[in-house]
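The next block holds one structure in the form of structure tokens; read it before the comments.
Read the figures in this text as sums done on the coordinates, not as results from a lab. Note that the coordinates shown come from a computational prediction; the quantities given were computed from them, not determined experimentally. Positions of Cβ are generated from backbone atoms using ideal geometry, with glycine treated the same way; all protein chains shown enter the neighbour counts.
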Amino acid sequence: MQANGAGQDRDSELSCRNGAQNGESSSSEVTNGLLPVTNNGNTVSNNNNGVSAQPASNNTNSPSDVTSGGKKKKRLSQSEEDVIRLIGQHLHDLGLNQTVDLLMQESGCRLEHPSATKFRNHVMEGEWDKAESDLNELKALMHSPSAIVVNNNHNISSCCFQRMKFLLLQQKYLEYLEDGKVLEALQVLRAELTPLKYNTERIHILSGYLMCSHAEDLRAKAEWEGKGTASRTKLLDKLQTYLPPSVMLPPRRLQTLLKQAVELQRERCLYHNTKLDSGLDSVSLLLDHACSRKQFPCYTQQILTEHCNEVWFCKFSNDGTKLATGSKDTTVIVWHVDTETHTLKLMKTLEGHAYGVSYLAWSPDDAYLIACGPDDCSELWLWNVQTGELRTKMSQSHEDSLTSVSWNPDGKRFVTGGQRGQFYQCDLDGNLLDSWEGVRVQCLWCLSDGRTVLASDTHQRIRGYNFEDLTDRNIVQEDHPIMSFTVSKNGRLALLNVATQGVHLWDLQDRVLVRKYQGVTQGFYTIHSCFGGHNEDFIASGSEDHKVYIWHRRSELPIAELTGHTRTVNCVSWNPVLPGLLASASDDGTVRIWGPAPFLDVQDAEGLNGMNRNSVLSCL
């Protein structure tokens, strides 16, 4: 696993050895469990390279290798010594210093170099002259061959030393100011900080703190905790990162490694669909992380049957509280989502549409909803969702085909188009603002920059169009028709449903095909897929084999195949706020709401998959 700070990838550093020297043991004062200790008459050396002494004799039966019970003492490996040091550091952070002393004594290891121990104590006690003297001792260790190997460059070690000295003097300067010792602080600024010729911009800022009238003002302007344990501990954490791990471990190294392990397990968990918590208190370290499939939206929670014909499209609102569904029966239904029970009930039926509804788009604030029809539809409908009133019915020409629409992020404009060559930008009243001639549009998407519109066309490509400077560029080129596409929230990834090929993931920034997802049956029907789950880690798509397929974004194989529909699944929408809620629309005339399993045994949950377990709404 990767380490942090200056202690990264330093497994080659020798931190401590089980060694011995013949003769009487020498006793040393133990401070915070960090000073050298003795082990069975063996003195741990305090040489300046940060590595304890090797045995003075090669005699395998020397006293240092034999325990009091007469058994031969096991020689610790490098990894075992590293683990002991990590445990010792963690225990020291918890204040269990006597336990640290015993651990170091029995193992024959030392937690850190004696010079580092003195440095730590002097920093925490605010003895800055002594700390600066200790730092000069540590400079030799930073320039030792082992440290240079870690840093890969002698100049880096010199820069680290200068940075450490600057941080030390900065703390000294601020504490003088807080104590009201302005002359002493000015002396530090002029005679110690300025001659370093390091970070002159910061020195200018520090000089301005001389004008602070009281300590509270100083702490506020400097964003500093003030003189005492808190600021000195924070300073020491920064200083530790510049020292080789053989001299002083990076701060809270064991916690860092544990967090990395937990994060890696979560990343590899196929069903992890909850908020990532970087803290260790929310997880158990005694078991590997593994989410159950029962916690994933794989089970039918509700079946909506209000539509009386094929359902072609469904889309959750941006705030996750509503679901809009459009059908071949010409109706648009808005459903209310209960965010507590995750159940839906009919909220409003929007009237006025004369064609089947093939596409729907919510405005950024969810105040308006636009509906498009099939290829022979030349009109576009825009409703006020709250009142249910039809605000705009737009049509430029009876020969137009308006089959796709996308909102500009400002919520005041939208773009629409179709396969007969229409590509318009309009306002909320349907007034034509701009147009692009000769583009046979299959699907549209407005990017968050407010200028670029992505459009898939009949040339099996996605191009970016800028309505401000009237420029366009090619972004994606496929070998087969792009039936539909959607874009991730950050605008980086695009998910394409490609005729006869299935679902493809593209990186829009690098313009490369990232992954082809397997399993889905995709012919020449228009099927809409989506990103979903926490951090949009998942992908869902309908299929002509009557199933809903779900993939983890990093895996080409599906992690779930949801059954229950009896005809082609045209569209899937993942709730953007409730990651455990998924909707699918099908030619069987139903909309299925998928969620986690109820509180049942695994066998029962599997048996209920695809069955209605809540209220069923039916056509009257």
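Structure notes:
- Difference of contour (0.36 nm per residue) and Cα-Cα distance, Thr305 to Met124: 58.2 nm
- When each of Lys259/Lys489; Lys221/Lys259; Lys275/Lys547; Lys294/Lys345; Lys118/Lys227 is checked by Cα-Cα distance, pairs over 31 Å: Lys221/Lys259
- Residues Trp436, Trp335, arranged from fewest to most other Cβ atoms within 10 angstrom of their Cβ, appear as Trp436, Trp335.
- In whole angstrom, the stretch 352-477 maps to an equivalent ellipsoid with semi-axes of 22, 17, 12, each derived as √(5λ) from the alpha carbon gyration tensor and ordered largest first.
- With each label modelled as a point 7 angstrom along the Cα→C-beta vector, the Asp545-Asp288 pair spans 2.9 nm.
- Chain lengthening between Arg554 and Phe524 when straightened (0.36 nm per residue, less Cα-Cα): 8.2 nm
- Amide H contacts of Gly589: Val311, each under 5 Å away and 5 or more positions distant or on a separate chain (H built 1.01 Å from N in the peptide plane; Pro and chain starts excluded).
- Per-residue Cβ neighbour counts within 10 Å put Asp179, Asp457, Asp93 in the sequence Asp179, Asp93, Asp457, beginning with the fewest.
- Sequence of Ile593, Ile559 once ranked by neighbouring C-beta atoms within 10 Å, starting from the fewest: Ile559, Ile593
- A simple packing score, the average count of other Cβ atoms within 10 Å per residue, orders the peptides 103-111, 359-367, 484-492 as 103-111, 359-367, 484-492, with the highest score first.
- With the convex hull of its Cα atoms as the shape, the stretch 277-415 has an orientation-averaged projected area of 11.5 nm².
- Here the peptides 190-203, 318-331 are ranked by packing, the mean other Cβ count within 10 Å, and the order with the highest first is 318-331, 190-203.
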